[in-house]
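The values are calculated or read from the model by the stated rules, or taken from the named source; none is laboratory data. Computed from a predicted model, the values in this text were never measured in an experiment. A quick note on method: Cβ atoms are made from the backbone with ideal geometry, for glycine too, and the neighbour counts reach across all protein chains shown. Calculation scope for accessible area: heavy atoms of the full protein, side chains included, ligands and nucleic acids excluded. Shrake-Rupley method; radii C 1.70, N 1.55, O 1.52, S 1.80 Å.
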Amino acid sequence: MPRGPAVDLANLTATHQRHPAVHHVSAHFAAGSLAAIVGPNGAGKTTLLRSIAGLHRVDEGRVTLSGHKPRVALLPQQSGMDRAFPILCLDVVLQGLWSRLGAFRGASAADRDRAQHALEAVGLGGFARRPVGAMSAGQFQRLLFARLLVQDADLILLDEPFNAVDARTAADLLAVLRRWHGEGRTVLAVLHDLDLVEREFPDCLLLAREAIACGPTAEVLSAQNRLRARMMAEAWDESAPACAA
Ligand SMILES: Nc1ncnc2c1ncn2[C@@H]1O[C@H](COP(=O)(O)OP(=O)(O)OP(=O)(O)O)[C@@H](O)[C@H]1O
């Protein structure tokens, strides 16, 4: 029995300054699925992921998560994060516990142990006292995975989790994803590497502002669907308003 929720998107539209980034998207991810969200640049992948996380306003339609108040965690794109902020690695991992402990309650010894274990699980055992500003991009991504580990979420949303990391780090982080999947959590990841998606992700949503296809990866990533996504991307009018329908 999966512990992660099913994710249902019903006629979802989300906009930026009234221009549609995600337009009338309907798609379904089963409880406990390991699914990729793919599509050309500007296809609305990040906007969709943030809408599922409740961080971007939905203009029309609905996101429904099954189950009773499933815990949701989001790994944002690294390029959108400020790494100059003076904070130690252990404290970044402890942020993953804030939603349950409250930001102003001091971390207990057990919390610190848990954060230290998470650092060890991503190969950063000796980094607890290191400032984040002194980390490489790959180390920082491992650190964000450690924060996700302590969040212990039922639905894990990842925005380009393997960007700017080397093959060894990507393999290590992929192993963490497989573990989450094995534990029955629902994992949705925005990815650009379609070979990786075909190899590792059983399900897939191909997005081009609209949903081109959603389901088993081999079917979704057919030559015909890929061509359709590319053609739709070439035809986008960036100034088009969201339709009223
Ligand atoms: N903050 C913003 N303000 C205005 N428009 C935005 C903003 N963020 C995204 N958009 C627009 O929304 C559309 C979808 O962007 P989004 O980042 O969701 O796409 P994406 O598929 O994740 O792209 P990429 O693969 O390039 O990361 C694009 O046309 C983009 O220009």
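Being among the hydrophobic types (A, V, I, L, M, F, W, C), open to solvent by 50 Å² or more (accessible area, probe 1.4 Å) and out of contact with any Phe, Trp or Tyr (no Cβ under 9 Å at 6 or more places or on another chain), is that true of even one residue in the range 135-154? Working first, answer last.
If we filter the range 135-154 for residues that are among the hydrophobic types (A, V, I, L, M, F, W, C), which is where we start, we get 135, 137, 140, 143-146, 148-150, 153.
Keeping just the survivors that are open to solvent by 50 Å² or more (accessible area, probe 1.4 Å) gives none.
Checking the range 135-154: not a single residue is among the hydrophobic types (A, V, I, L, M, F, W, C), open to solvent by 50 Å² or more (accessible area, probe 1.4 Å) and out of contact with any Phe, Trp or Tyr (no Cβ under 9 Å at 6 or more places or on another chain).
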*Go through the range 26-46 and give me each residue that's within 16 Å of the ligand (Cβ to nearest atom), surrounded by fewer than 23 Cβ atoms within 10 Å (Cβ to Cβ) and at negative phi.*
Ala27, Pro40, Asn41, Thr46
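How about the range 162-245: which strands (runs of 3 or more DSSP E) wholly inside it have at least 2 residues that are of a type in the set (Val, Ile, Thr) and farther than 16 Å from His23 by Cβ? If you could, list the steps in order and put the result at the bottom.
Numbers: elements: 186-190, 203-208, 210-216.
Result: 186-190.
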*Matching entry among Ala167, Ala171, Ala118 (being open to solvent by 50 Å² or more (accessible area, probe 1.4 Å), within 25 Å of Leu188 (Cα to Cα), without any contact (Cβ under 8 Å) to a residue 40 or more places away in the chain and under 19 Å from the mean Cα position of the chain (by Cα))*: Ala171
*Conditions (1) outside any helix (DSSP H, G or I); (2) touching a Gly at 6+ places or on another chain (Cβ under 6 Å); (3) under 22 Å from Arg83 (Cα atoms); number of the one not met by Arg147*: (1)
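Restricting attention to the range 1-25, report how many residues are in contact (Cβ under 8 Å) with a residue 24 or more places away in the chain and within 15 Å of the ligand (Cβ to nearest atom).
We begin by selecting, within the range 1-25, every residue in contact (Cβ under 8 Å) with a residue 24 or more places away in the chain; these are 1-16, 18-25.
Adding the requirement that they be within 15 Å of the ligand (Cβ to nearest atom) leaves 9, 12-16, 18-25.
Matching residues across the range 1-25 total 14.
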*asked:* Here's a check for you: in the range 179-195, which residue that is open to solvent by 20 Å² or more (accessible area, probe 1.4 Å) and out of contact with any strand residue (DSSP E or B) (no Cβ under 8 Å at 6 or more places or on another chain) is nearest to Thr46 (Cα to Cα)?
replied: Asp193
_Here's a check for you: in the range 197-245, which residue that is of a type in the set (Asp, Glu) and more than 16 Å from the ligand (Cβ to nearest atom) is surrounded by the most Cβ atoms within 10 Å (Cβ to Cβ)?_
Asp203
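I'm checking my understanding of the structure. Among residues of the range 50-85 that are of a type in the set (Lys, Arg) and in contact (Cβ under 8 Å) with a residue 24 or more places away in the chain, which one is nearest to the ligand (Cβ to nearest atom)? Give the derivation first.
To start, the set of residues in the range 50-85 that are of a type in the set (Lys, Arg) comprises 50, 57, 62, 69, 71, 83.
Those still in the list that are in contact (Cβ under 8 Å) with a residue 24 or more places away in the chain too: 50, 57, 62, 71, 83.
Values: Arg50: 8, Arg57: 12, Arg62: 19, Arg71: 24, Arg83: 19 Å.
Result: Arg50.
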*So which residues in the range 113-138 are in a loop (DSSP other than H, G, I, E, B) and small (Gly, Ala, Ser), if there are any at all?*
Gly123, Ala128, Ser136
*Is the range 97-112 home to any residue that is in contact with a Ser or Thr (Cβ under 9 Å, 6 or more places away or on another chain), in a helix (DSSP H, G or I), open to solvent by 30 Å² or more (accessible area, probe 1.4 Å) and among the hydrophobic types (A, V, I, L, M, F, W, C)?*
yes
